[in-house]
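Quick note: the coordinates plus some simple rules give every number you see, no bench work behind them. Computed from a predicted structure; not experimentally measured.
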Amino acid sequence: MKAASNELREKIKELSEIVYKATTILEKCKSCGTCIKFCPLNIRMFNDKGIAITVKSNKSCRGCSVCYHRCPNQAIDLKHFKNNGKTRDK
């Protein structure tokens, strides 16, 4: 099998440094709880205003997109970050 080209290795490295995190678009959230119900890590919950948010815990959101695809109000955004925590420009 032929080794991957340098260009391909660089692209793989670049993609491995991207982390996605689910964030709630507050004005779109209708507090239906769908994202909470379907989050496989159980890290979404209602805040004190009744809005579903991703909470910080020992498990962190890796942007699996389950909540994004299940939300009937399109109130979830997947922000992508570099592994250093800084937001990437789209």
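Taking the longest Cα principal axis of the chain as reference, the axis of helix 6-16 is set at about 20 degrees. Under the classification rounded if a/c is under 1.5, otherwise prolate if a/b is larger than b/c and oblate if not, where does the chain fall, given a ≥ b ≥ c as square roots of the Cα gyration tensor eigenvalues? Because a/c hits 1.5 or more and a/b exceeds b/c, the chain counts as prolate.
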